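First comes the structure, then the notes that go with it.
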Amino acid sequence: PNGTLITYEEDEMEQALISGIAFNRDEAKLTIQGVPDKPGVAYSILGPIGDTNIEIDMIIQNIGADGTTDFTFTVHRNDLQEAKDVLTKVSNELGAREVKCDDKIVKISLVGVGMRSHAGIASKMFKALAEEGININMISTSEIKISVVIDEKYLELGVRTLHSAFDLEQELV
């Protein structure tokens, strides 16, 4: 018969497709605490890091009620000492409270399509990790992945938990 066929594909097309889990053990986290919060502070911190050609991955800035900010970012583990040296100098120049480093972290990512537009994926990921007592230190989302930074000791448990929560095969990406 002639005419237009109307179907309900929206649910299928909007469905996020998780293709796997990736993890990275080669990251370290740096935090500069108690930085006076004013315009240009992010540049004051990241500019000198960029000048050394250190690649930065995830970034978090927390604004405190006392007019200061804490700024946390991740770098490759091999760049940790150089980044710490630069950040310590910057910290002194900015009058920050302290610099903290952590090289016992790991980044785990759910990889797929339509990740950012599906809040349910992130909440399911966070709930699964929480139920195993795994604390999330940092979160990053994009259209193709949701990444979390957790303590390195939880890598295997975290990956297994997410494989189970999202019914993925036990094959690591």
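We did not get these values from a lab; they are worked out from the coordinates using the rules stated. What you see is a predicted model, and the numbers here were worked out from it, not measured in a lab. A quick note on method: Cβ atoms are made from the backbone with ideal geometry, for glycine too, and the neighbour counts reach across all protein chains shown.
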Charge dipole magnitude, Cβ of K and R +1, D and E -1 - segment 27-102, Cα centre, debye nearest 20:
140
Within segment 57-149, list the GluC sites (Glu not before Pro) lying in a DSSP loop whose Cβ has at most 11 other Cβ atoms in a 10 Å radius.
Glu143
Overall Cα dimensions of the chain - principal axes, largest extent first, Å:
76, 38, 32
Based on the Cβ-Cβ distance of Ala119 and Ala22, what FRET efficiency does E = 1/(1 + (r/R0)^6) give at R0 = 25 Å, to the nearest 0.05?
0.75
At q = 0.24 1/Å the base-10 log of I(q)/I(0) from the Debye formula over the alpha-carbon atoms of segment 74-173 is -1.24
Which of Thr72, Thr88, Thr52 moves most in a GNM of the chain, Cα contacts under 10 Å?
Thr52
Once Lys and Arg are counted +1 and Asp and Glu -1 for all other residues with Cβ under 9 Å from that of Met138, the total becomes +2
What ranking do Met125, Met115 get, fewest neighbouring Cβ atoms within 10 angstrom at the top?
Met115, Met125
With a cut-off of 8 Å between alpha carbons and a minimum separation of six or more residues, what is the relative contact order of segment 56-173 in percent?
22
Residues Thr74, Thr68, sorted so that the one with the fewest Cβ neighbours within 10 Å comes first:
Thr68, Thr74
Stokes-Einstein, Kirkwood over Cα pairs, segment 27-102, 20 °C, 1.002 mPa s; D in µm²/s equals 177
So how many Lys-Lys pairs in segment 22-173 land under 18 Å Cα to Cα, not counting same-chain pairs under 8 apart?
16
Helix 80-94: angle to the longest alpha-carbon principal axis of the chain, degrees 0 to 90, nearest 10?
60
For Met58, residues with placed amide H under 5 Å, excluding near neighbours:
Thr74
Counting only residues 5 or more places away or on other chains, whose amide H sits under 5 Å from the amide H of Thr68 once H atoms are built in the peptide plane?
Asp37
Once you've got the GNM for the chain with C-alpha springs shorter than 10 Å, pick whichever of Gly20, Gly95, Gly34 has the biggest mean-square fluctuation.
Gly95
